[in-house]
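Read through the structure below, which is laid out as structure tokens, and then see the notes.
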Amino acid sequence: MKVVQPAYGSDNQIMESAAEWDRCLGWTFELISEDPVRRERARGRLRVTQERRSEALYALNEVWRAEGLSAADQAGDRYIAERRRTLPDALWEFIPAESYADWAGLKYVLLYLEWEARYPDEWMASAKGWGTKHGKLDDLARAVPHLATAVIDQLVDLILLAVRREHRCEDVGYAVLARAVGGSRLRRLLLEIADEPDEGFRLRARYLLWLLDHPEASKPKPSQWQAWLRSQESESASERAENVP
């Protein structure tokens, strides 16, 4: 069955006001609560919203198949309304980079990324969206010049969360974001991690510092990270050879 997807950016899809976003999704901040009971309750509510979204999509396709697209307006409106009440679907809006600072959905993008960073297993089980993660990290990197200092600080915190955990799919987006953010605060915090005992943390921090020190390097990608790791192994081997009596 073909799926009807209203065009992104259409007037009937974008939520413009903060009040509307909060009315639809304000409860989702419980997903990052330190209380596991509250998180589980929020995940249960999320499952309900996802079921309603799926039911609305099914109904939309049934009407379209039986009566044609011209008769599907009401079912389409219901589907859009249900999408606005769940994650990650509500984040699927096209927002120009220069408009991100004023977009009421920005705090829910940050919430979605923080949820994955802090509780990856729960995020995977409830609202995994690698494409959404990739797209929003890329959007944030392009929007950096337009964002307020407080939001930049939140982005730095997200980058550090990514450095201090196991590597996950689409994490290259955090390297792109780190280069876009730059700044003394990020550099200072990365330098602290670069001397920590955990090798994974240490290497990820040093790679980001290398990116900040080499603006001429190409856009971060997995192959670049792997090449950088090999270069570190070669340097370590050379140092060991020089120290052999």
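Only one residue in TYR79, TYR58, TYR112 is at pLDDT below 95 and buried (at least 21 other Cβ atoms within 10 Å of the Cβ), so which one is that?
TYR79
Quick check on my filter: what residues within region 31-49 are among the polar types (S, T, N, Q) and either out of contact with any helix residue (DSSP H, G or I) (no Cβ under 7 Å at 6 or more places or on another chain) or assigned to a helix (DSSP H, G or I) (or both)?
Within region 31-49, the first condition is being among the polar types (S, T, N, Q), and the residues that meet it are 33, 49.
Hit for region 31-49 is THR49, nothing else.
Any chance you could count how many residues in region 23-46 are surrounded by 14 or more Cβ atoms within 10 Å (Cβ to Cβ) and within 20 Å of ALA90 (Cβ to Cβ)?
The total comes to 15.
Quick one: which residue in ARG23, ARG52 is at pLDDT 95 or above, at negative phi, over 22 Å from the mean Cα position of the chain (by Cα) and not aromatic (Phe, Trp, Tyr)?
ARG52
Being surrounded by 21 or more Cβ atoms within 10 Å (Cβ to Cβ) and farther than 19 Å from LEU203 by Cβ: is that true of ALA125 here?
Considered against the rule, which asks whether it is surrounded by 21 or more Cβ atoms within 10 Å (Cβ to Cβ) and farther than 19 Å from LEU203 by Cβ, ALA125 comes out as no.
Answer yes or no: is there a residue in region 86-99 that is surrounded by fewer than 19 Cβ atoms within 10 Å (Cβ to Cβ), among the acidic types (Asp, Glu) and within 10 Å of the chain's Cα centre (by Cα).
Checked against the condition, which is being surrounded by fewer than 19 Cβ atoms within 10 Å (Cβ to Cβ), among the acidic types (Asp, Glu) and within 10 Å of the chain's Cα centre (by Cα), region 86-99 yields no hits at all.
Yes/no per residue for (1) at pLDDT below 95; (2) under 14 Å from the mean Cα position of the chain (by Cα); (3) surrounded by fewer than 18 Cβ atoms within 10 Å (Cβ to Cβ); (4) among the β-branched types (Val, Ile, Thr):
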position: ALA162; (1), (2), (3), (4): no, yes, no, no
position: ARG168; (1), (2), (3), (4): yes, yes, yes, no
position: ALA178; (1), (2), (3), (4): no, yes, no, no
position: GLY182; (1), (2), (3), (4): no, no, yes, no
position: LEU186; (1), (2), (3), (4): no, no, no, no
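Check SER33, SER17, SER10 and return the single one that is among the polar types (S, T, N, Q) and modelled with pLDDT of 95 or more.
SER33 is the lone residue from the list that is among the polar types (S, T, N, Q) and modelled with pLDDT of 95 or more.
Can you tell me which residue is surrounded by the most Cβ atoms within 10 Å (Cβ to Cβ) among those in region 190-199 that are more than 21 Å from the chain's Cα centre (by Cα) and part of a helix (DSSP H, G or I)?
ILE193
Is one or more of the residues making up region 50-63 among the β-branched types (Val, Ile, Thr), in a helix (DSSP H, G or I) and touching a residue at least 60 places away in the same chain (Cβ under 8 Å)?
No, there is no match, as no residue in region 50-63 is among the β-branched types (Val, Ile, Thr), in a helix (DSSP H, G or I) and touching a residue at least 60 places away in the same chain (Cβ under 8 Å).
Given the criteria hydroxyl-bearing (Ser, Thr, Tyr), out of contact with any strand residue (DSSP E or B) (no Cβ under 8 Å at 6 or more places or on another chain), crowded, with 18+ Cβ neighbours inside 10 Å and modelled with pLDDT of 95 or more, does THR132 qualify? Step through it out loud before you land on a result.
Working: hydroxyl-bearing (Ser, Thr, Tyr): yes; out of contact with any strand residue (DSSP E or B) (no Cβ under 8 Å at 6 or more places or on another chain): yes; crowded, with 18+ Cβ neighbours inside 10 Å: yes; modelled with pLDDT of 95 or more: yes.
When the stated conditions are applied, THR132 passes them.
The values are calculated or read from the model by the stated rules, or taken from the named source; none is laboratory data. What you see is a predicted model, and the numbers here were worked out from it, not measured in a lab. Methodologically, a virtual Cβ is constructed for each residue, glycine included, from the backbone with ideal geometry; neighbour enumeration extends over all protein chains shown.
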